[in-house]
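Each remark here refers to the structure printed beneath this line.
The values are calculated or read from the model by the stated rules, or taken from the named source; none is laboratory data. As the structure is a computational prediction, the values presented were derived from the model and not from experiment. Cβ placement follows ideal geometry from the backbone for every residue including glycine, while neighbour counts extend to all protein chains displayed. We work out accessible area using only protein heavy atoms, side chains counted, and drop any ligands, DNA or RNA first. Shrake-Rupley method; radii C 1.70, N 1.55, O 1.52, S 1.80 Å.
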Amino acid sequence: MKIGGLQRVSLIDYPGKICAILFTQGCDFRCPYCHNPELVDPDQYLECIPEEEIFSFLEKRRGKLDAVSITGGEPTIQPDLVEFIERIKDINYLVKIDTNGSRPEILEKLINQKLVDYIAMDVKAPLERYRKITKSNVNPDSVKRSIEMIMDSGIEYEFRTTVVKSLLKIDDLQKIGRLIKDARLYVLQKFVPSKSLDKRFLSKTTYSDKHFEILKEELGNYVHRVVVR
Ligand code: SF4
């Protein structure tokens with residue numbers, strides 16, 4: 001596993017749990033607003049943390065941390081993700097995974113083998129705009145399959161969208177609402193220009209708080225709960 005970063009404790013990443021966060025290196029998308037460019041652009045990669053260091057840390061924190069959250073980059077492109085999570089499960093941690101949904105076949109393995117307890121999937125755009133927004137050659141059918149699989153899994157989950165005003169129109173967000181119809185939780189993340197893969201996005205904005213209130217209400221017609229972060 002290529003682990004580019006470790007946050008030793010977080011009280012907010014895994015709902016209701018205290019977790020450590022592992023940041024995997026590498027991603028198959030190139031979202032211009034990505035705020036982890038050092039995990040996405042190979043020219044910015046830092047040295048990886050050895051796996052044994054991670055497991056030694058997790059062993060020591062048993063009983064103090066409830067969970068391990070695996071984010072990225074995109075964790076599902078790591079070829080040994082399944083084996084890695086099996087080892088985390090062997091020492092009895094809950095596992096949350098953040099994913100862009102491009103690899104439903106990996107999610108399927110994780111779900112079927114009961115290796116994940118919480119899935120947070122980014123829904124970047126309406127399906128027909130996916131490749132453009134993520135600057136990738138993702139198959140939108142794979143994204144759709146991931147959404148359906150997560151919703152049918154019985155596992156706790158959330159879908160979330162980073163909202164950059166110039167990329168997503170209100171109509172796009174409504175299309176996403178229809179795509180994830182009946183989902184338990186949808187999180188709208190206000191784009192905050194602090195760091196971005198494409199530097200030009202440092203001057204981009206999001207919608208006003210008032211717009212988000214309206215959006216929250218409208219999207220509530222499609223999903224059970226909408227949260228704005
Ligand atoms: S936002 Fe997520 S999916 Fe997009 S490039 Fe960054 S890590 Fe990859």
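What do the square roots of 5 times the Cα gyration tensor eigenvalues come to for the stretch 75-157, in whole Å, largest first, as semi-axes of the equivalent ellipsoid? Intermediate values should be presented prior to the final figure.
Details: eigenvalues 117, 34, 19 Å².
Ellipsoid half-lengths, sorted descending, are 24, 13, 10 Å.
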Original post:
Going by alpha carbons, how many degrees (0 to 90, nearest 10) lie between the helix axis of 170-179 and the longest principal axis of the chain?
Top reply: 50 degrees
**OP:** Go through the stretch 76-85 residue by residue and turn each phi into a ³J(HN,Hα) via Karplus (6.51, -1.76, 1.60, θ = phi - 60°); whole Hz please, and just put x for glycine and proline.
**Re:** 6, 8, 6, x, 10, 4, 4, 4, 4, 5
Subject >> Most positive-pole-ward Cα, GLY4, PHE201, GLN25, against dipole of the chain from beta carbon charges >> reply: PHE201
Subject >> ³J(HN,Hα) computed for each position of the stretch 63-71 - Karplus, 6.51 cos²θ - 1.76 cosθ + 1.60, integer Hz, glycine/proline x >> reply: x, 9, 9, 8, 8, 10, 9, 10, 10
Subject >> Helical mean residue ellipticity (222 nm; -39500 (n - 2.57) per DSSP H run of 4+; nearest 500) of the chain >> reply: -8500 deg cm²/dmol
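At a Förster radius of 30 Å, what calculated FRET efficiency corresponds to the Cβ-Cβ distance of SER166 and ASP141, to the nearest 0.05? Before the final figure, lay out each step's value.
Working: r = 27 Å, r/R0 = 0.89.
My answer for the efficiency is 0.65.
Which order do HIS211, HIS224, HIS35 take by accessible area at a 1.4 Å probe, largest first?
Numbers: HIS211 80, HIS224 140, HIS35 115 Å².
Final ranking, largest accessible area leading: HIS224, HIS35, HIS211.
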Original post:
Dividing the alpha-carbon Rg of the stretch 106-229 by 2.2 N^0.38 Å yields what?
Top reply: 1.08
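Pull out the extension gain between VAL82 and VAL192, defined as 0.36 nm times the separation in residues minus the alpha carbon to alpha carbon distance; nm, one decimal. If you can, show how the numbers build up before the last one.
Working: separation 110, 0.36 × 110 = 39.60 nm, distance 3.26 nm.
Here the answer is 36.3 nm.
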Original post:
Looking at ILE77, SER136, LEU185, which one has the Cα that reaches farthest to the positive end of the dipole of the stretch 3-228 (charges on Cβ: Lys, Arg +1; Asp, Glu -1)?
Top reply: LEU185
Original post:
What order do ARG184, ARG225 take when sorted by accessible area (1.4 Å probe), most exposed first?
Top reply: ARG225, ARG184
Subject >> Whole-Hz ³J(HN,Hα) from phi, Karplus 6.51 cos²θ - 1.76 cosθ + 1.60, for the stretch 106-116, glycine and proline x >> reply: 6, 4, 4, 4, 4, 5, 4, 8, 6, 9, 10
Original post:
What ranking do 89-101, 133-145 get when scored by the average of other Cβ atoms within 10 Å per residue, highest first?
Top reply: 89-101, 133-145
Original post:
For the stretch 158-207, what size does the Cα cloud have along each of its three principal axes, sorted from largest down, in whole Å?
Top reply: 36, 21, 16
**OP:** State the percentage of accessible surface on the chain attributable to carbon and sulfur atoms; use a 1.4 Å probe and exclude ligands, DNA and RNA.
**Re:** 49 percent
**OP:** Return the Rg/Rh value of the chain, two decimal places, where both radii are evaluated on C-alpha atoms and Rh is the Kirkwood radius.
**Re:** 0.95
Original post:
Ranked from the most accessible area to the least, with a 1.4 Å probe and all protein chains present, what is the order of TYR130, TYR222?
Top reply: TYR222, TYR130
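In the chain, what percentage of the DSSP-assigned beta bridges are antiparallel, given to the nearest 5? Don't skip to the end; give the middle numbers.
Details: 5 of 32 bridges.
Around 15 percent of the beta bridges assigned by DSSP in the chain are antiparallel ones.
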